[in-house]
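**Student:** Dropping the structure in here first, questions after.
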C-alpha cells in the first residue's frame with residue numbers, strides 16, 4: 001500500500017527545474033533563474049566565517065538571535081517608521097518561504113478561504129492547501145496588473161480569513177501604489193481579514209518609487225504579517241534567513257508553527273545579517289539603482305528584437321508578451337528558444353492555477369551585464385535566422 005499526502009503527490013516537477021535542466025543540456029544563458037550573479041558584502045561573509053570558528057554553533061534561541069531581531073525592528077523603524085517590540089513582534093525564520101509556511105500553518109484552519117493575487121509565487125498554493133484551507137486566486141490583467149477592487153470585495157465570503165499581498169510582486173514587477181494599498185486596507189478592515197505581506201523585494205523598487213508596507217496604513221498594524229528576506233536584501237539567497245514582523249497576538253501562534261518546522265536558523269548567518277542590516281546599508285540601498293541599469297539594458301534590447309516588454313517597477317524580473325512573435329504557447333516557445341537561441345526564460349503560465357494566459361515570458365535581469373549582453377547577442381542571431 002502506498003501512503004502519500006494528496007496535496008504533495010499531485011504536484012509535478014516545477015517549470016523552473018525543467019527549464020534549468022534543458023538550459024544545462026543546451027548550454028543556454030539561463031535568464032529564468034531568479035537569483036543574482038553577484039553576491040553581497042564581503043564583510044558579512046567574513047563575519048559568518050569568524051562566528052562559525054569562534055562562537056557557539058549550537059541551537060540559538062528559537063525566535064532568533066536577539067541582535068538580529070533588534071536589527072530587524074530598527075530597520076523597520078528607520079525605513080518605514082514602523083514601531084515594534086523586537087522581543088515579542090519579530091521572528092527569524094529559515095527563509096521567507098518558511099515564514100510563509102509558519103504563517104499559514106499558524107493562522108489558518110481547514111475550510112478557510114485565502115485570496116491570492118494572480119500571477120503568484122508558486123509556494124503559496126500548496127502551503128495553503130496543506131493546511132486544508134482553500135486558495136482563491138483573483139487575476140490581475142497585464143500590462144499594468146491593476147486590481148479590480150469591486151471584484152475583490154465580491155470574492156470575499158463568510159469563510160474568507162486572509163489575503164496574501166506580494167508587494168513588490170513576483171513575477172510581474174508591480175509595485176503597489178499608496179492609493180491601491182488604501183483600498184486593500186479598507187476592504188481588509190471591513191471584512192476582518194489578516195493580510196500576509198510578502199515584501200521580500202522591498203529594497204528593489206525602481207525609478208525613485210517608494211516601497212510602502214501595507215502595515216503603515218491606518219488600521220493595519222494588528223492585521224498584517226510582514227515578511228522580509230535577507231536573501232533579497234543582500235543577494236545571499238542561499239543563506240535562507242527571513243524575518244517576520246507582526247503583532248504579538250499573531251506572532252505567538254506563528255511561532256508555535258515555526259518551532260515544529262525548523263525550530264531555528266543557523267546562528268552564524270543570523271549574526272552576519274544583523275551586522276549587514278546596520279553596517280552595510282549603503283550596499284543594499286544602492287542595489288536598486290544597479291539593478292535598474294540592468295533592467296533598462298535588457299528592456300531596451302528586447303524591445304529592439306520585437307519583444308513586447310511590459311513595465312517592471314521592481315523585483316528582478318521583466319515580463320514580455322510574445323503574441324506578436326509566435327502562435328506557440330509560452331511553454332513551447334520557451335523550450336524552443338532555449339534549443340534554438342541558447343537563451344532561457346520562464347513561461348508566466350507557471351504562475352497561475354487554472355486557464356493561464358499563454359503568451360507571456362519572464363526574464364531575470366539580476367545577472368552580470370556580461371551575461372545579459374551574451375543573451376542579447378544570442379537572441380539577435382536567432383532573430384536574424386527567422
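**Student:** With the requirement that a residue be in contact (Cβ under 8 Å) with a residue 12 or more places away in the chain, over 19 Å from the mean Cα position of the chain (by Cα), loosely packed, with under 13 Cβ neighbours inside 10 Å and not in a helix (DSSP H, G or I), what does region 127-169 give you?
**Tutor:** Listed by number, the residues that qualify are 132, 157.
**Student:** Is it true that residue 268 is touching a residue at least 40 places away in the same chain (Cβ under 8 Å), touching a helix residue (DSSP H, G or I) at 6+ places or on another chain (Cβ under 9 Å) and surrounded by fewer than 19 Cβ atoms within 10 Å (Cβ to Cβ)?
**Tutor:** Values: touching a residue at least 40 places away in the same chain (Cβ under 8 Å): yes; touching a helix residue (DSSP H, G or I) at 6+ places or on another chain (Cβ under 9 Å): yes; surrounded by fewer than 19 Cβ atoms within 10 Å (Cβ to Cβ): no.
The answer is no for residue 268.
**Student:** Please go through region 337-376 and pick out each residue that is in a helix (DSSP H, G or I) and under 16 Å from residue 306 (Cβ atoms). Break it down stepwise before answering.
**Tutor:** Taking region 337-376 first, the residues in a helix (DSSP H, G or I) are 337-341, 348-351, 369-376.
Listed by number, the residues that qualify are 337, 340, 341, 375, 376.
**Student:** Do we have any residue at all in region 234-244 that's more than 23 Å from residue 317 (Cβ to Cβ) and touching a strand residue (DSSP E or B) at 6+ places or on another chain (Cβ under 7 Å)? Even if it seems obvious, please write down each step before you answer.
**Tutor:** Step one: list which residues in region 234-244 are more than 23 Å from residue 317 (Cβ to Cβ), which gives 244.
Imposing the further condition that a residue be touching a strand residue (DSSP E or B) at 6+ places or on another chain (Cβ under 7 Å) reduces the set to 244.
Yes, the conditions are met somewhere in region 234-244.
**Student:** Please identify the pairs in which a residue from region 273-288 that is more than 17 Å from residue 47 (Cβ to Cβ) has its Cβ atom under 7 Å from the Cβ atom of a residue that is at pLDDT 95 or above, counting only partners at least 6 apart or on another chain.
**Tutor:** Going by the 7 Å Cβ cut-off, the qualifying pairs are 285/203; 287/203; 287/204; 288/203; 288/204; 288/205; 288/206.
**Student:** Filter region 10-39 down to the residues that are assigned to a helix (DSSP H, G or I), loosely packed, with under 15 Cβ neighbours inside 10 Å and modelled with pLDDT of 90 or more and list them by number.
**Tutor:** 21, 24, 25
**Student:** Still on this structure: For region 314-330, how many residues meet the condition of being in contact with a strand residue (DSSP E or B) (Cβ under 7 Å, 6 or more places away or on another chain) and buried (at least 18 other Cβ atoms within 10 Å of the Cβ)?
**Tutor:** Taking region 314-330 and keeping what is in contact with a strand residue (DSSP E or B) (Cβ under 7 Å, 6 or more places away or on another chain), we get 314, 316-322, 324, 330.
Now restrict to residues that are buried (at least 18 other Cβ atoms within 10 Å of the Cβ): 314, 316-322, 330.
Result for region 314-330: 9.
**Student:** Specify which of the listed residues (291, 302) is touching a helix residue (DSSP H, G or I) at 6+ places or on another chain (Cβ under 9 Å), outside the structural domain of residue 199 (by TED's automatic domain parsing) and within 21 Å of residue 174 (Cβ to Cβ).
**Tutor:** Values: 291 fails: touching a helix residue (DSSP H, G or I) at 6+ places or on another chain (Cβ under 9 Å).
Checking each option against the conditions leaves just 302.
**Student:** When you scan region 176-230, how many residues do you find that are assigned to a helix (DSSP H, G or I), touching a helix residue (DSSP H, G or I) at 6+ places or on another chain (Cβ under 6 Å) and touching a residue at least 60 places away in the same chain (Cβ under 8 Å)?
**Tutor:** The initial filter retains those residues of region 176-230 that are assigned to a helix (DSSP H, G or I), namely 178-190, 214-216, 230.
After this cut, where a residue has to be touching a helix residue (DSSP H, G or I) at 6+ places or on another chain (Cβ under 6 Å) as well, the list is 181, 183, 187, 214, 216, 230.
Filter once more, keeping what is touching a residue at least 60 places away in the same chain (Cβ under 8 Å): 216.
The number of residues fulfilling the criteria is 1.
The values are calculated or read from the model by the stated rules, or taken from the named source; none is laboratory data. All figures in this text were calculated on a predicted structure; none of them were measured in a lab. Because the Cβ atoms are built from the backbone with ideal geometry, glycine has one as well, and the counts that use them run over all protein chains shown.
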